[in-house]
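The values are calculated or read from the model by the stated rules, or taken from the named source; none is laboratory data. Note that this is a predicted model, so its numbers are computed, not measured. Note: ideal-geometry Cβ built from the backbone for every residue, glycine included; neighbour counts use all protein chains shown.
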Amino acid sequence: MDSVYEKIDHSNMLPFKCFITSLEGSCYHWHEDYELIFLLKGEFSVWMRGKESLMQAGDLLLVNSKEVHSIQKCQEGNIAFFIQFQPDIFLKLLEVKNRRYYFYFNSTEKKAKIKKDYSYFRGLVASIGYVIFEKKPGYEFHACSDFYRILGDLFLYAIYDVYYMSDRKYNNDDNFILDRLTEFVRENYMEDLKTDDISNQLGVSRSTLYRYLKNKLGISLSSFINYYRIEEARKLLRSTDYTVAHIAGICGYSNQTSFYRAFKRETGMTPNKFREKEGEMQRAEEENDQRIKGYVSYSNQEAYELVREYASKD
């Protein structure tokens, strides 16, 4: 089974990304983020670990970090609410390192029992969508409050496994390699990274690292490093007035030309054009306070009424 790596862009100041969309289906893919799916209307199937979870209106499912999955058999007119968040949030808040949490949270599975009714979580998730739709003063605090409550209640009421990635027995495990590689690159992307330095840090040979990236992710090491560098560059272009040359240096590029080339290859536009476009999008969002950023292949008003109904009912 081939799978595609999905890059998730966290462009706002909230500790999570959320959007509403109607789906026709997706190929098998994976991403670093955890992804909480709340089906508001219709039905579709989520495939994970070779098993099908048929989701219907009101169902909740958490896709764990780096879990290969796809969405299929989508009923026409479905509407789903997605919340995506990076695994680093657990490590930062809990002040731990080298741990990975795997949650069993799926309202379609009888085996995925939780100590709290799923309707409780439906109310919290819907509340996030509702306050973001409304965008009343201080909505960010309300959205973050419900989001962190969800995280805390996952530990309180859901079943989960903890993997201690510092144990050397995971050296030959794909997830171990990906976790260590991600951690190292994220912390050192601004440096002049060499293949030997990275393979030594991971405790694997150059050839093992090369085969892993080619066979499992379908990308090269330089592409993997560039992803994190460009992600940081995007954040700086959005949130600072730094010159492009200064951002290039911060993000580990030896000269502005190589940065321009890498940025355009990754985003399809130059850094200056990206900054200009982001400014236009931000101004458009400020003028429209009745929608969640995301796809628009659904009735905005219907989505609003659905999240409001779930928020008040549960």
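Could you grab me the full set of residues in region 7-28 that are of a type in the set (A, V, I, L, M) and touching a strand residue (DSSP E or B) at 6+ places or on another chain (Cβ under 6 Å)?
I8, I20, L23
Enumerate the pairs (first residue in region 153-167 and more than 18 Å from L91 (Cβ to Cβ); second residue anywhere and modelled with pLDDT of 90 or more and part of a strand (DSSP E or B)) with beta-carbon separation below 7 Å, excluding pairs fewer than 6 apart on the same chain, so at least 6 apart or on different chains.
Every condition considered, the pairs that remain are A158/F103; A158/Y104; I159/Y104.
List the helices (runs of 4 or more DSSP H) that sit entirely inside region 181-269 and contain at least 3 residues that are among the polar types (S, T, N, Q).
195-202, 221-239, 256-267
Within region 18-40, can one find any residue that is in contact with a Lys or Arg (Cβ under 6 Å, 6 or more places away or on another chain) and of a type in the set (S, T, Y)?
Looking through region 18-40, none of the residues is in contact with a Lys or Arg (Cβ under 6 Å, 6 or more places away or on another chain) and of a type in the set (S, T, Y).
Taking K116, is it assigned by TED's automatic domain parsing to the domain that holds R49, closer than 19 Å to F38 by Cα, part of a loop (DSSP other than H, G, I, E, B) and among the basic types (K, R)? I'd like the intermediate steps shown before the answer.
Working: assigned by TED's automatic domain parsing to the domain that holds R49: yes; closer than 19 Å to F38 by Cα: yes; part of a loop (DSSP other than H, G, I, E, B): yes; among the basic types (K, R): yes.
Here the answer is yes, as K116 does meet what is asked.
What do you reckon, is R206 surrounded by fewer than 17 Cβ atoms within 10 Å (Cβ to Cβ), basic (K, R) and either touching a strand residue (DSSP E or B) at 6+ places or on another chain (Cβ under 9 Å) or farther than 21 Å from T267 by Cα (or both)?
For R206, the condition - surrounded by fewer than 17 Cβ atoms within 10 Å (Cβ to Cβ), basic (K, R) and either touching a strand residue (DSSP E or B) at 6+ places or on another chain (Cβ under 9 Å) or farther than 21 Å from T267 by Cα (or both) - is met.
For region 44-80, give me each residue that is under 15 Å from E109 (Cα atoms) and not hydrophobic (A, V, I, L, M, F, W, C).
Correct list: S45, R49, G50, K51, E52, S53, Q56, G58, D59.
Can you name every residue in region 47-62 that is in contact with a helix residue (DSSP H, G or I) (Cβ under 7 Å, 6 or more places away or on another chain) and not aliphatic (A, V, I, L, M)?
G58
Filter region 147-177 down to residues that are outside any loop (DSSP other than H, G, I, E, B), of a type outside the set (S, T, Y) and modelled with pLDDT under 75 and give me whichever is nearest to the chain's Cα centre (by Cα).
Residue satisfying both the conditions and the ranking: N175.
Residues of region 1-32 being farther than 27 Å from L213 by Cα and either of a type in the set (A, V, I, L, M) or surrounded by fewer than 14 Cβ atoms within 10 Å (Cβ to Cβ) (or both), which ones?
The answer is M13, L14, I20, L23, E24.
What is the residue count in region 115-148 for residues that are in contact with a Gly (Cβ under 9 Å, 6 or more places away or on another chain) and polar (S, T, N, Q)?
Matching residues across region 115-148 total 1.
Conditions first: (1) within 24 Å of Y228 (Cα to Cα); (2) modelled with pLDDT under 90. G25 passes all but one, so which condition is the exception?
Evaluating G25 over (1) within 24 Å of Y228 (Cα to Cα); (2) modelled with pLDDT under 90 leaves (1) as the failure.
Can you name every residue in region 54-81 that is crowded, with 19+ Cβ neighbours inside 10 Å and farther than 18 Å from Y101 by Cβ? Let's see the steps before the verdict.
Step one: of region 54-81, the residues crowded, with 19+ Cβ neighbours inside 10 Å are 55, 59-66, 69, 71, 78-81.
Listed by number, the residues that qualify are M55, D59, I71, N78, I79, A80, F81.
For the list (1) modelled with pLDDT under 90; (2) surrounded by fewer than 17 Cβ atoms within 10 Å (Cβ to Cβ); (3) in contact with a strand residue (DSSP E or B) (Cβ under 8 Å, 6 or more places away or on another chain), I need the number of the one condition that V96 fails.
Failing condition for V96: (3).
Sort through F19, F38 and tell me the only one that's farther than 27 Å from R99 by Cβ, in the same structural domain as V307 (by TED's automatic domain parsing) and modelled with pLDDT of 90 or more.
Values: F38 fails: farther than 27 Å from R99 by Cβ.
One residue alone meets the criteria, F19.
Tally the residues that are of a type in the set (D, E, K, R) and modelled with pLDDT under 70, restricting the search to region 281-314.
Summing the residues that are of a type in the set (D, E, K, R) and modelled with pLDDT under 70 in region 281-314 gives 8.
Each row is one residue, and each column tells you yes or no for (1) part of a helix (DSSP H, G or I); (2) surrounded by 18 or more Cβ atoms within 10 Å (Cβ to Cβ).
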site: Q84; (1), (2): no, yes
site: L91; (1), (2): yes, no
site: Y102; (1), (2): no, no
site: A126; (1), (2): yes, yes
site: F133; (1), (2): yes, yes
